[in-house]
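To keep things clear, I will list the structure first and then write my remarks on it.
Computed from the coordinates by the stated procedures, all read-outs in this text should not be read as laboratory data. These figures come from a predicted structure and were not determined experimentally. Cβ: placed from backbone, ideal geometry, glycine included. Neighbour counts: every protein chain shown.
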Amino acid sequence: MLLAAIFSSLLVFIITFALIQSAAPILTSQPLSKLLLTSYWHPTTGDFGFYPFIVGTLFVTGLTIVLAVPVCLLTAIYLAEYAPDKIRGTMKPAIDLLAGIPSVIFGLWGVLFVVPIIRNYVAPLSGTTSTGYSLLAGGVVLSIMVSPIIISISQEVIGTVPFRLREASFALGATKWQTTKHVVLRRALPGIVAAVVLAFSRAFGETMAVLMVVGNVAKVPSTLFDPAYPLPALIANNYGEMLSIPLYGSALMLAALILLAVVALFSVAARIILTKLESRST
Amino acid sequence: MLLSTSIVLGSLLALFAVVILKGAFALSLSMITETPKAGYYLGGGGGILNAIVGSLYLASGATALAFVISIPIALFLNEYAGRSRFASLTRLSLDILWGIPSIVYGAFAFTIMLYLGARASLFWGIITVTLFVFPIMTRAMDEVIATVPLRLKEGSYALGSTRLETALKVVTRQALPGILTAILLAFGRAIGDAASVLFTAGYTDSIPRSLFEPVATLPLAIFFQLSTPTPEVQERAYASGIILLIIVSIASLASRISTRRLMKYVVK
């Protein structure tokens, strides 16, 4: 039993070590700043500028959070504070179902539903043309994918705010919305931030759903309707040529290492926030 | 606020509606009972039995292996380690592992396979998916086992049982619904994930007869069928999507029903 527990702690280090080892060739051949900040991506000539991919990943993830957080936070507040039991009972299995749907199906739905809507309705409305395979498509699909995470954690955290705080607020004459906004949310804020951080790391690393709708063009996207090329999509699309071009495999492993580092950082941050929250409320 | 809730619910319904409507036409008995014939991806006949069986083999193997790793960790964290620094470190590692994207697990397994000179096969697919899925399973089990009331364990110790006996006979019995839910949750994640098996399980048109043959998985089958230029094959991709949705929904439903059934063993 002890062995199994030690195994899980070791595994993080083993994965990090293996990825660093396989990314070592490219890390030693070029300075890190050139790898991360240039945009020239031509593996056959040995130029690996990761900048468009990093920026693309950040934009898609950022857009996801911007789209998802308001809607999901309001839903969580509604479900925790205002909703009648019947609605709460219907939404819970719905959210669980949404959480269990595989990412390929989200990608499929994105290609069938979101991309044509962007191509035929949204882009012309904003005065540009677009194939539909864009940053916006990736953001919309991903925001629906991460919504169960944000909703369920936020709902739980809002539910743990002690009732006496609400009672005190009502006693002072506040309305229900004022209480929710000024008292409950302020108390639940760390938990909600942790939920958002977890959603960010999930969206950051999501592969299949994104690569099917985001266009996969290695250029820094300049508008919402431009295609982008996030890091996970880069790895997934090019693993076939990994071994034939020198340093290409190493470059893709570097991409995986960057993903690992960012996600680990965010996971640790979320855990710290949640622990502080737990120790404060006990 | 009501609008936000309806947006979320509406997206779920839209998702199911679009996939089912588009795929229902191509769904036929031959899809689920035949393996692909020659020229399948260009419009030939056959079905995706290779992917269905392959996915079930892979996901079941991975879930079983992950269970063997997860249960000791979850029991250890709750019975033996308690509030110690080691337990916090393990929980932190599990959190990090939980958040690592599946493609990083695929890339990691691929480097190991390159180092060992191994080829893509069912075996490596199972290993990769196990690594991806066991943090999810362990965390779910950990949360459930932590809710076992102290008085049950105290009663067991008072009767003279060891920590191991208590853990295996009393705690697991009480936490059984939650453990089963964790297993089925992990199964659902395992069968639906494409990025981890992309490099490691390969792809084939036949059903593997040994652990070291490549295996086809449903998510990859959907992806490859969608990428062909032939519209009939793309329709089959939607139908395969329905099949995957059905399998995942069955797992979800099974977990709900079995939880309710097993509640009779749970002490309130």
* Asked: Which listed residue (B:199, B:49, B:76) has the Cα farthest towards the positive end of the charge dipole for chain B, taking +1 on Lys and Arg C-beta and -1 on Asp and Glu C-beta about the Cα centre?
  -> B:76
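Averaged over every viewing direction, what's the projected area of the C-alpha convex hull for the protein assembly as shown? Give it in nm², one decimal, please.
For the protein assembly as shown, averaging the hull's shadow over all directions gives 27.8 nm².
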* Treating only the Cβ atoms of Lys and Arg (+1) and Asp and Glu (-1) as charged, compute the dipole magnitude of chain B about its Cα centre; round to the nearest 20 debye. => 920 debye
* **Extreme residue, positive dipole direction of segment A:8-261, given options A:177, A:110, A:207 (C-beta unit charges)** => A:177
* Structure fact -> Projected onto the charge dipole of segment A:205-282 (unit charges on the beta-carbon of Lys, Arg, Asp and Glu, signs +1, +1, -1, -1), the Cα from A:220, A:242, A:268 with the largest positive-side position is that of A:268
* Quarter of the Cα convex hull surface for chain A, i.e. its orientation-mean projected area (nm²) -> 19.3 nm²
* Please give the helix A:51-77 orientation as an angle from the longest Cα principal axis of chain A, in degrees from 0 to 90, rounded to the nearest 10. => 10 degrees
* Mind listing the Cα extents of segment A:171-282 along all three principal axes, in Å, largest one first? -> 71, 34, 20
* Structure fact -> Projected area averaged over all directions for the convex hull of the alpha carbon atoms of segment B:89-192, nm², comes out at 8.3 nm²
* Per-residue HN-Hα couplings for segment A:197-204 [Karplus 6.51, -1.76, 1.60; θ = phi - 60°; Hz; x = Gly/Pro] -> 4, 5, 5, 4, 6, 5, 5, 4
* Asked: So which aspartates and glutamates can residue A:181 reach, going by Cα to Cα under 18 Å and dropping same-chain residues fewer than 8 places off?
  -> A:81, A:156, A:167
* To do: Would you mind checking the pairs A:92/B:153; A:92/B:169; A:176/A:276 and listing those with alpha carbons more than 29 angstrom apart?
  => A:92/B:153; A:92/B:169
* Asked: If the viscosity is 1.567 mPa s and the temperature 4 °C, what translational diffusion coefficient in µm²/s does Stokes-Einstein give for segment A:92-165 when Rh comes from Kirkwood over Cα pairs?
  -> 91 µm²/s
* **Cα-centred dipole magnitude for segment A:184-282, charges only on beta-carbon of K, R (+1) and D, E (-1), debye, nearest 20** => 580 debye
* Asked: If you project the alpha carbons of segment B:63-265 onto their three principal axes, what span does each projection cover, largest first, in Å?
  -> 69, 41, 30
* To do: Mind listing the long-range amide H neighbours of residue A:132? Cut-off is under 5 Å, sequence gap 5 or more, other chains count too, H placed in the peptide plane at 1.01 Å from N.
  => none
* Structure fact -> Per the 1/(1 + (r/R0)^6) rule, R0 = 30 Å and r from the Cβ atoms of residue B:260 and residue B:68, FRET efficiency to 0.05 is 0.70
* To do: Report, in debye and to the nearest 20, how large the dipole of the protein assembly as shown comes out about its Cα centre when Lys and Arg carry +1 and Asp and Glu carry -1 on their Cβ.
  => 1660 debye
